[in-house]
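> Mind looking over this structure? Questions follow.
The values are calculated or read from the model by the stated rules, or taken from the named source; none is laboratory data. What you are looking at is a predicted structure, and each value in this text was computed from that prediction instead of being measured. Counting neighbours? That spans all protein chains shown, and the Cβs are built from the backbone with ideal geometry, glycine included.
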């Protein structure tokens, strides 16, 4: 139960950052598939959005099937890897972001778009980081 709570909190927090990302949509679908029985049984009247569905699953965390728990843990692990990759790129591209993209508002892929536009001027560190995580 304690691990389920941690996973649900992590997913809730991460959904704030990845709510519009394609990867985020795939994770939501994985949870929807893995927790289909629980969602239909306990959360069918919950309006999606703002973490309400995750809150519902949390409220019934002692009744979740192993399949649903696995879907939640797997989604949390995928999100953790995505955050690590983004953190790595942000650290390696920090100087490039300051130099070329300081006027660009973060969010909705704008910073990545800026780095792509300036790809020829980027430092070797930044280029390698983007390549390492599959963004280039």
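> Please indicate, with yes or no, whether at least one residue in the range 40-47 is at pLDDT 90 or above, assigned to a helix (DSSP H, G or I), touching a helix residue (DSSP H, G or I) at 6+ places or on another chain (Cβ under 7 Å) and surrounded by 13 or more Cβ atoms within 10 Å (Cβ to Cβ).
Checked against the condition, which is being at pLDDT 90 or above, assigned to a helix (DSSP H, G or I), touching a helix residue (DSSP H, G or I) at 6+ places or on another chain (Cβ under 7 Å) and surrounded by 13 or more Cβ atoms within 10 Å (Cβ to Cβ), the range 40-47 yields at least one hit.
> For the structure I just gave you, tell me whether residue 71 is in a helix (DSSP H, G or I) and modelled with pLDDT under 90. I'd like the intermediate steps shown before the answer.
Values: in a helix (DSSP H, G or I): yes; modelled with pLDDT under 90: no.
So residue 71 fails the test.
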